[in-house]
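The values are calculated or read from the model by the stated rules, or taken from the named source; none is laboratory data. These figures come from a predicted structure and were not determined experimentally. Cβ placement follows ideal geometry from the backbone for every residue including glycine, while neighbour counts extend to all protein chains displayed. To get the accessible areas, we keep the full protein, side chains included, count just its heavy atoms, and leave off ligands, DNA and RNA. Shrake-Rupley method; radii C 1.70, N 1.55, O 1.52, S 1.80 Å.
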Amino acid sequence: MKYTLYALLIAVSMFLGMVLLLEVGRRIGARRLAKDPEGARVGLGALEAGVFGLLGLLIAFTFSGAASRFDARRQMVIQETNNIGTAYLRLDLLPTEAQAPLREYFRRYVDARIAIYGKLPDIDAAKEEIWRQALAAARAPGAPTAAMAQLLPAINAMIDITTTQTWATQMHPPAIIFVMLYALALAGSLLAGSAMAASKSRSLLHMIGYPFVLAVAVYVIIDIEFPRLGFIRVDAFDQALVELRQSMNEAK
């Protein structure tokens, strides 16, 4: 909830700042036109094109990066589900007496993964116990070597993907990129307002619509960057883990 308020605050402050700077730019442009009607706009087209071109490039860059990271996070949820499911199925290769405790820890582990995006439970303890018991089963007299050669890599992959996911949630563009995006949007509004000075009356559609569209675009970019916190979420893909957990109950 706090994150959503911060993101909305950024978007609203950008919208209001752009509306204000459009008006300021319009007044500055009107004064320049009054002093120099012929030369007030000479040479400004290239400057404005450069600023708006950079703004468009920055929006495209941040949106594309956020969308690709969003998709990668969804794919990692599916990959983790597949890794856990594979390791769980390979428990059948163990001696019967070693399977029951490991299956119970697998169920606890999946419960922890489902809950991890709320409050972190004892997932580290579950991982360590699964690995410890798997090693104990591998070292037990008469343990099938071929079976352990398949099971241990599957458990290792299951654990490794959690590290990958943890770091993926922290991969975002440097803060300076968002600062530049914010600053260029405001600077663009000042220039746009100056360009609108030749009109005798204000175009409310443009003075409201332009800031609104940019503010919404920036909000969507920020929201996609943090898909567990805002309105745009990857939670729907957690259903794969939920279904895996249900299948573990059915396999008792």
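A few remarks follow.
- Taking the listed residues ALA198, ALA185, ALA217, the one that is of a type outside the set (S, T, N, Q) and farther than 30 Å from ARG32 by Cα is ALA217, with no other qualifying.
- Only one entry in ALA49, ALA34 is farther than 18 Å from ALA217 by Cα, surrounded by fewer than 17 Cβ atoms within 10 Å (Cβ to Cβ) and under 36 Å from the mean Cα position of the chain (by Cα), namely ALA49.
- Qualifying residue in the stretch 84-104 (condition: within 30 Å of ILE224 (Cβ to Cβ), open to solvent by 60 Å² or more (accessible area, probe 1.4 Å) and out of contact with any helix residue (DSSP H, G or I) (no Cβ under 6 Å at 6 or more places or on another chain)): no
- Pick from the stretch 142-155, criterion hydrophobic (A, V, I, L, M, F, W, C) and open to solvent by 60 Å² or more (accessible area, probe 1.4 Å), ranking: modelled with the highest pLDDT: ALA149
- Any chance ILE59 is surrounded by 12 or more Cβ atoms within 10 Å (Cβ to Cβ), out of contact with any Ser or Thr (no Cβ under 8 Å at 6 or more places or on another chain) and in a helix (DSSP H, G or I): yes
- Residue in the stretch 82-98 that is farther than 23 Å from ALA137 by Cβ and among the basic types (Lys, Arg) present: no
- Boolean, GLN150 is outside any helix (DSSP H, G or I) and more than 19 Å from GLY53 (Cβ to Cβ): no
- Residue within the stretch 178-187 that is under 28 Å from the mean Cα position of the chain (by Cα) and closer than 23 Å to ALA72 by Cα present: yes
- In the set SER68, SER13, only one residue is closer than 30 Å to THR166 by Cα, open to solvent by 30 Å² or more (accessible area, probe 1.4 Å), of a type in the set (Ser, Thr, Tyr) and modelled with pLDDT of 90 or more; that residue is SER68.
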